[in-house]
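Here is the structure we will look at, set down as structure tokens.
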Amino acid sequence: MQVRTGPFLRDTVTIEQVMGDVLIALIPTVVAGVLLYGRHALMVVVLSTLSAVLTEAILTRAPLTPKGIVGDGSAAVTGLLLGLILPHTTPYWVPIFGSFFAIALVKLAFGGLGHNIFNPALAARGMLLLAFTSEMIYRTDAVTGATPLWSTGSFSWPLFWGNVGGVIGETSVVAILLGAAYLFYKRHINWRIPVSCLGSAFILALVWGLDPWHTIMAGGLMFAAFFMATDMVTSPVTPVGELVFGAGCGVLTLMIRQYTPFPEGVTFAILIMNALTPAIDSLTIPHVFGVGASHKDRIRGFALTVGIVMVLLGALAVIENNEPRVRPLISDGHYLPMHELLGDPDVDVVEVNETRYYVVRDEEGDPRRVAFIAERNGFNGPIRFLLLLNSEHRIERVSVLKQGESPGFGELITRTAFLEQFVGLDKDSSFTAGKDIQVISGATVSSRAVISGVERALERFDEAFFGVDGPGTLNDGTFLGQAASFGGPLEVEVVVSGGKITSVTILRHSDTPGFSDRAISGMPERIVAANSAQVDVVSGATLTSEAIMSAVQAALESTSVGQGHELELDPEALETLLPAIIEAQGPVEAVSGAAVTSGAVHGAFRDALNIKEGQ
Amino acid sequence: MNRLIQRTFPRGGDSAVPDHKAATEGKPIRSLPVPSIVVIPMLQHIGAPCEPVVGVGDKVKVGQPLGKTQAFVCAPVHSSVSGEVIAVEDRPLVTGKRALSVVIRNDGQDDMVRFEEGDLEDMSPDAIRQKVKAAGIVGMGGAGFPAHIKLNPPKPVHTILINGAECEPYLTCDHRLMVEKAPQLVGGMLAIMKATGASRGIIGIEENKPDAIKQMQEATKGQEQLSVAVLKVKYPQGAEKQLIKAILDKEVASGCLPADVGCVVSNVHTAIAIYEAVVQGKPCYERVVTVSGGSVVDPRNVLVRIGTPIQALLDFCGGLLGEPAALIGGGPMTGPPVLDVYGPVVKTLSGISALSYEEAGFDVNRPCIRCSRCVRACPAGLTPNLLGDYSNRGMTEQVIWLRAQDCIECGLCSYVCPSKRALVTWIKKGKADCAALRAKERELGVSICK
């Protein structure tokens, strides 16, 4: 018999049982995720779990038996949790790399089970969000886009059952609650963290005038409150500490959602609170039996603290008067109630050039109000936006429906202050970026994409309904056009024959080699193919592409002006231009403000020289 | 369905410790034949050890004092057999420590000294205390605090509480005593009330002992000042402050005594011993011990003479089924391991638990996963996971800050821990470190730690 110290009775619960119960609790969420998103989602979850388990087994040199590889089950929990907070469209390497990061760097590097400061799954997701934004794009879309259009501020059943969003495990509230109920039954979690987390978010949403039900049910807050914030290792052990921790998670989540460009705050909110956990623990050492305040006093004290914090936050919100970000109207592929949007049940649907126009007509059959969706390539894939035109065909509203721009930068185009600039403009307005429409600093490319997209959408609408000059009306001939580009002026030659654009040649440009190459080589083909100056930009070379389009447009316009009329040349421009050309023995930079004159003079020179060479 | 409800809402809350009392709670107390040799340690209580007043070769009778002292916190010890003193020397105790002991060979006559009977009605409080002191009564629940000091509380007392909770698993000696000696217990309560000047007496019994509750209710019938409080089953509940909280809903402040809230708490066995000392004049030379656990062939409650070797007790109960996983002097939650089976039964030994491997659980010391089960379980409101870690690392300043001195060493933190950490063992070490630090401070006359 071995002599040991007491107590000699032990509860039967073990670490393996705790971890096994968490895995069981996650089953409903996995099932819901797979039902909603299919096999790819299942693969993501399986890959992340396997990768986490194997990473731990290899790095800890566990015996290669089934039992040794599974270990205490904590790696499987981490892997499964990570899989469930990844977007369902993510490539397969993301869960594998994420799990490796979570286990190797967040857990084992700190000393393994029980010693990690941060929740491994959330830390891995934070890393993926920052480092591989585009692979986590659905994440952004899922949360900002999950808002059902014109949400009325009441409880939303679709959100409850789960049919919106894009993250595997976060969409079905009912599945999350089922799993949480199991954990409650098994007494592995208690009410404090989830209730204070969701409760504080709910109250703060009410204070800020947001939709409280939507706040706690959309996005990852519900899942995180039950499965992430309650992670034993990284949350406080004291009862009061648990309440403080949960409240901190809820409040920080909302503050991050509201005041930072990150659409989903819960990941970083919980990571911040994880870091504060030791401090919270030591500040909330429970009242020792026979010491200190009575139960009632403590409850009163806690309520008072929460109240004061809430009032301060509310005051902050009022003082700051931070303009709330515009939530996109719908999520990708979901019902868009155009009738409500146009305010008239009698809506015609007209499809012209692959664009569907929703039109409310007046008595004479002319469009009175029109709504349609247009798309433009931004920095990071297409930006889709909704245009609503009033009876004068001026813009009444622009809303970004879908975008994948970088969080914190390009994504700022969804802000009201930017989109409101378009209100009241029509197709004849000037859309010069930086002058007529302020671009957002840090989001230049995305802003410009929206600006040119709106401009082009208006033109296409005009073409579709009022039949401005079609492509066939072009006059034959060779034309020159010029536009300012990224690195300086850019010049094109456009050949029109048979009323169609047959060739586009870039004569001169000084854009950065490498970046602009694709536009220089790709844009002429696109323009010829479309027989129009308005085509999609080459992604990665947006500015050069746009400059080429403007230059071609300028060339085409020069013919319509020049044909059959005396070209009105600018005498002042001629005075500076002609000596310069003679001096340079070739084309020179256009005189600013006199592009047409410059173009015409250059064209004339070239024609003259061509004739001379031909002789 | 019933099982589902029980599992969901276990009696005693989150951390119910199974009581394992079924093996012995229905078995009447049996007397162990008087052994041929007894070893009677001079220190069976908290306080100064007694000095032997007999020498080798002296003849002694049952109940004859063997050791006395003039120290304030002390209780005399008495012979439990009649016979000849064959040695006065250091002998090992059950816990492995050694103590000066008087060894007596039994002559089989069982001659008793004449006991001075008394009448409770006529006695003054001081006379009661004198008789209790002379009889060598100490706290027989395990604490071993001399009873005559407890009967002289520093502040006025209005209530005496008898701890019939017996929350420790396996132990049933108090339970059986309540069933079999209810009148004596009532007498003991009256004696304590008279000595302390209290006006009411309450006995708290957990609801898993319905027969004891019934007996006590009958025995206290007609006595307005006595009552029975039925308690929920909960571990730990028998500790003084927890019992006061459970019965009177009063918290005794940290570092204070029950007398500060006007209470005196006594154990069932102690109260009966007080009655016997006061009314019959019988000194404390025997006690009831529960022998239980999965390794014991025939678990029993045994009335046994002080000084009997543990081995004789085990043999009386049929011996052990193979090697036990743990042999414990007391209950499995708080009792120390038995290091010497020839060590003697002492006044504070309430049981012997011999656990089989199926029942016993041990320290594995896997990493803490901060599940906070220990924090929720701790009856003293401590944070055992932090306290255990700091104690284990010798960070005494933090141990003091986390109020280790309020730990009642119930072992519940170790019990509930899914990582099977030796929390209570570490905390005990931390408490010892704190005491050493305080002693050092006193010695140097400085304050090392606030």
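Derivation of every value follows stated rules applied to the coordinates shown; laboratory data play no part. All values derive from a computational prediction rather than experimental measurement. Counting neighbours? That spans all protein chains shown, and the Cβs are built from the backbone with ideal geometry, glycine included.
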Which values, in whole Å and largest first, are the semi-axes of the equivalent ellipsoid of chain B obtained as the square root of 5 times each eigenvalue of the Cα gyration tensor? 33, 26, 25
For the charge dipole of the protein assembly as shown, defined by +1 on Lys and Arg C-beta atoms and -1 on Asp and Glu C-beta atoms about the Cα centroid, which residue among B:Gly26, B:Leu386, B:Thr270 has the Cα displaced farthest towards the positive pole? B:Thr270
The whole-number value in µm²/s of the Stokes-Einstein translational diffusion coefficient for the stretch B:373-444, with Rh from the Kirkwood sum over alpha carbon pairs at 20 °C and 1.002 mPa s, is 179
Of the stretch A:9-39, those with amide N under 15 Å from the point 7 Å along the Cα→Cβ vector of A:Leu178 are A:23-37
Output the relative contact order of chain B, whole-number percent, from Cα pairs under 8 angstrom with separation of 6+ residues. 17
Over 32 Å between alpha carbons, listed pairs B:Lys214/B:Lys245; A:Lys186/B:Lys209; B:Lys97/B:Lys209; B:Lys59/B:Lys347: B:Lys97/B:Lys209
Cβ crowding within 10 Å averaged over residues, with B:210-223, A:57-70 ranked highest first: B:210-223, A:57-70
Which of B:Leu423, A:Val251, A:Leu64 sits farthest toward the positive end of the charge dipole of the protein assembly as shown, with +1 on the Cβ of Lys and Arg and -1 on the Cβ of Asp and Glu? B:Leu423
If a/c stays under 1.5 just call it rounded; otherwise compare a/b with b/c (prolate if a/b is bigger, oblate if not). Do that for the stretch A:1-120, with a ≥ b ≥ c from the square roots of the Cα gyration tensor eigenvalues. prolate
Per-residue mean of other chain beta-carbon atoms within 10 angstrom of the beta-carbon, peptide B:377-385? 4
Placing each pseudo-label 7 Å from Cα in the direction of the beta carbon, A:Ser497 and A:Leu105 end up separated by a distance in nanometres of 5.9
To the nearest 20 debye, what charge dipole does the stretch A:338-466 have about its Cα centre, counting +1 at the Cβ of each Lys and Arg and -1 at the Cβ of each Asp and Glu? 700
With an 8 Å cut-off on Cα pairs and a minimum separation of 6 or more residues, tell me the relative contact order of the stretch B:120-280 in percent. 35
Shielding score for B:414-421, defined as the mean number of other chain Cβ atoms within 10 Å: 6
FRET efficiency, 1/(1 + (r/R0)^6) with R0 25 Å, evaluated for A:Ala275 and A:Ala315 via beta carbons: 0.45
Of all beta bridges DSSP finds with both residues in the protein assembly as shown, what is the antiparallel percent, to the nearest 5? 75
MRE, 222 nm, helices only [DSSP H, n ≥ 4, -39500 (n - 2.57), over the protein assembly as shown, to nearest 500]: -12500 deg cm²/dmol
Taking 0.36 nm per residue of sequence separation and subtracting the Cα-Cα distance, how much length would be gained by fully extending the chain between B:Ala71 and B:Leu339, in nm to one decimal? 93.5 nm
Which GluC sites (Glu not before Pro) in the stretch B:44-139 pass both tests, a DSSP loop state and at most 14 other beta-carbon atoms within 10 Å? B:Glu116, B:Glu117
Rounded, prolate or oblate: which fits the stretch B:130-260, taking a ≥ b ≥ c as square roots of the Cα gyration tensor eigenvalues, rounded meaning a/c under 1.5, else prolate when a/b beats b/c? rounded
Residue mean of other protein chain beta carbons inside 10 Å, B:425-431: 1
Furthest towards positive pole of dipole, B:Met178, B:Pro125, B:Val157, structure part the stretch B:90-196, Cβ charges: B:Val157
Isotropically averaged projected area of the protein assembly as shown, using the convex hull of Cα atoms (one quarter of hull area), nm²: 60.2
Cβ charges +1 (Lys, Arg) and -1 (Asp, Glu), total dipole of the protein assembly as shown, debye: 6500
Calculated FRET efficiency for the pair A:Glu575/A:Gln534, C-beta based, R₀ 45 Å, to 0.05: 0.80
Given Cβ point charges of +1 (Lys, Arg) and -1 (Asp, Glu) and nothing else, what value in debye, to the nearest 20, does the dipole of the stretch B:49-153 about its Cα centre take? 480
So if R0 is 22 Å, what FRET efficiency would B:Gln109 and B:Lys27 give, r being the distance between their Cβ atoms, rounded to the nearest 0.05? 0.15
Rounded, prolate or oblate for the stretch B:177-247? Axes are the square roots of the Cα gyration tensor eigenvalues, ordered a ≥ b ≥ c, and the cut-off for rounded is a/c under 1.5. oblate
Which order do the peptides B:419-428, B:151-160, B:248-257 come out in when sorted by mean C-beta neighbours inside 10 angstrom, highest first? B:419-428, B:151-160, B:248-257
Can you tell me the length gained on complete extension of the stretch A:Arg397 to A:Thr65, counting 0.36 nm per residue apart and subtracting the Cα distance? 113.2 nm
